[in-house]
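Peer 1: Below you will find the structure I want to go over with you.
Just so it is clear, none of the values below were taken in a lab; they were calculated from the coordinates. The shown structure was predicted, so the numbers you read here are calculated from the model rather than taken from an experiment. Methodologically, a virtual Cβ is constructed for each residue, glycine included, from the backbone with ideal geometry; neighbour enumeration extends over all protein chains shown.
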Amino acid sequence: MSISKSEILERKTGKDLYNYQKSAINKIFNSFEESPADYHLLYQLPTGGGKTVIFSEIVRQYLNTKKKKVLVMTHRIELCKQTSNMLTEFGVLNKVVDSKADLSDQAEYSCFVAMVETLNNRLNDDKLDISDIGLVIIDEAHYNSFTKLFKFFSQSFILGVTATPLSSSMELPMTDNYDELIVGESIESLIEHGFLSRAEMFSYNVGLTSLVVGANGDYTVKSSEDLYTDDNMLGKLLRAYEERSKGKKTLIFNNGINTSLHVYDTFRRAGYPIAHLDNTNTKKERAMILKWFKKTPDAILTSVSILTTGFDEPTVESIILNRATKSLTLYYQMIGRGSRVLENKDTFSVIDLGNNFHRFGPWGDNLDWQRIFKSPNYYLDSLLSDEELESNFRYEMPDDLRAEFKNSQDVHFDIQKTYVDAIRAGESTKVVLERSIAQHAKICIENSEDVYDALALAKQLGDDIDFRIQRYTKCISKSTHNFVEWLRGEYRKKLNSYLRVNFDEVFEEIHGFAPKE
């Protein structure tokens, strides 16, 4: 029997669980009964599937049937408070163990909610009695910060929950800390049954080989900011928004505060309603910004990774990944912020400006989570490198720009093939860009009545020029930031000069007659 969207949106408490949630709870309780007391179980469910609802109901049932206490661990204070509120909705009296908590009344509680660092301090100070904790639940279990606390719970059943059972560190795979993985409902199934919105993906190819991978296995903030604060990338972001997301409530994710501030300035100058949020904002500022974002229909919110977890705003219609990541978990978390359903929303847009779609596949792809859990290195090693990804790229003009060049049968130019042909012919590599400029000039002239039209068209070829420059610098193995910037500027100047000098001659070659004076 199908469930209407209004029924989905009106679920108030854990008393009205969906069938897939009940099934998950039954599997987990079966594991309680069949496994030793110190068993470590991991449960996977996509963002938006109701992990907190499921484990809150598990806590409620566990406390009704067992004579042991429960501890729920989170990695952020916002999640701590949200979890406490959800448990209260389920009728579970719970105590939040934060840095200011008075633990003199802890004996009166059977359930505790704590942030990992605070709990670590309290346990090391011997301030919290955990001798009677039978069940430990770990939210966002893929974070490695939790594993240091496992030593305190050697006789407790540990249940980790996550949307992506892939550790945030290759050195600490989850299979080393959990005995078993239970895979929940897939994203595709949740979409088909109306629990999640479907993502419409739009990917814009970006040259990422200037990025540096840091000690944590992901791209460094410094190298990301060098790339994403560049005027060309900011221009590409703005155009992508205008092509795919204009007028939609939009979240933009960046790698670095400086990048987000540049994005804020770019959109504000363009006249769009935008706010910036990062972890330096006060609690009051954050609340005001999120309130504005909620009530403003076409609001844009640019941020760093602060909104990847613990943020639930169903009115989000568009997600822009203005960053690259090597983290599958972060990729799914960012996109998941737009997946909540509403009465009039069953799809949302995703604009990818970090080649993440090419790296990880579509959001909701049929990933083999059991295999990823058991052999994470095999999965990670199978991901294509940036060089491999970019070798398969081919610049495609957006539809509206291609319409400007409707008189040209083919607008593509293969830099790599031209380079190889030039080398084989014993020519200088500089002829590659000369031939590229001549081809660009030709398609501009094909679609113009005079040189001024052609120069105006040339101005719109920025993305194609940058793509060709990126391809060319790869061929000659010279790609320092300053050299690439110089080459981009030089190419544009030479293209404009070529059009001014050669317009009449090329026009006559194309049309068989001279242009009108």
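Peer 1: Relative to the first principal axis of the alpha-carbon coordinates of the chain, what is the inclination of helix 77-89, with its axis defined by its Cα atoms, in degrees from 0 to 90 and to the nearest 10?
Peer 2: 50 degrees
Peer 1: Give me P(r) over the stretch 467-517, computed from all C-alpha to C-alpha distances, binned every 10 Å, as integer percentages.
Peer 2: In whole percents, the pair-distance histogram is 22, 33, 23, 18, 4.
Peer 1: Right, another one. For n ≥ 4 DSSP H runs only, could you compute -39500 (n - 2.57) per run for the chain, divide by its residues and tell me the 222 nm figure to the nearest 500?
Peer 2: Rounded to the nearest 500, it is -13500 deg cm²/dmol.
Peer 1: Rounding to the nearest 20 debye, state how big the charge dipole of the stretch 5-190 is about its Cα centre with +1 on each Lys and Arg Cβ and -1 on each Asp and Glu Cβ.
Peer 2: Dipole size: approximately 380 debye.
Peer 1: If I take every Cα pair under 8 Å that is 6 or more residues apart in the stretch 5-190, average their sequence separation and divide by the length, what percent do I get for the relative contact order?
Peer 2: The normalised contact order for the stretch 5-190 reaches 33 percent.
Peer 1: On to the next question. Please give the length that would be gained between R268 and T65 if that part of the chain were fully extended, namely 0.36 nm times their separation in residues minus their C-alpha to C-alpha distance (nm, one decimal). Don't jump to the answer; show the numbers that get you there.
Peer 2: Numbers: separation 203, 0.36 × 203 = 73.08 nm, distance 5.66 nm.
Length difference between fully extended and current span is 67.4 nm.
Peer 1: Moving on to the next point. Determine the gain in length on full extension of the stretch K284-H412; use 0.36 nm per residue of separation and subtract their C-alpha separation, reporting nm with one decimal.
Peer 2: The K284-H412 span can extend by a further 40.9 nm.
Peer 1: Let me ask something else about it. Quick check: pseudo-label points 7 Å beyond the Cα along Cα→Cβ at E34 and D129, how many nm apart are they?
Peer 2: 3.6 nm
Peer 1: Averaging the inverse of every distinct alpha carbon separation and then flipping it gives the Kirkwood radius. What is it for the stretch 399-511, in angstrom units?
Peer 2: For the stretch 399-511, inverting the mean 1/r across all distinct Cα pairs yields 14.6 Å.
Peer 1: Could you tell me the distance between the Cα centroids of the stretch 456-486 and the stretch 398-425, to the nearest Å?
Peer 2: 14 Å
Peer 1: Next question, about the same structure. Expressed as an acute angle from 0 to 90° and rounded to the nearest 10, what is the orientation of the C-alpha long axis of helix 257-269 relative to the principal long axis of the chain?
Peer 2: Between the helix axis and the principal axis of the chain, the angle is about 60 degrees.
Peer 1: I want to check the label-to-label distance for A107 and Q370. Put each point 7 Å from Cα in the C-beta direction and report it in nm to one decimal.
Peer 2: Simple spin-label model gives 4.8 nm for this pair.
Peer 1: Need one number: convex hull volume per residue for the stretch 418-463, Cα atoms only, in Å³. Write out the running numbers ahead of the final one.
Peer 2: On the way: hull volume 3.6 nm³, N = 46.
Taking the convex hull of the Cα positions in the stretch 418-463, it is 78 Å³ per residue.
Peer 1: Could you work out the relative contact order of the chain, using alpha carbon pairs under 8 angstrom and six or more residues apart, expressed as a whole percent?
Peer 2: 14 percent
Peer 1: Of (i) 71, 48, 45; (ii) 93, 46, 46; (iii) 75, 54, 45, which is the value of Cα extents along the principal axes in Å derived from the coordinates here?
Peer 2: Identified label for the calculated read-out: (ii).
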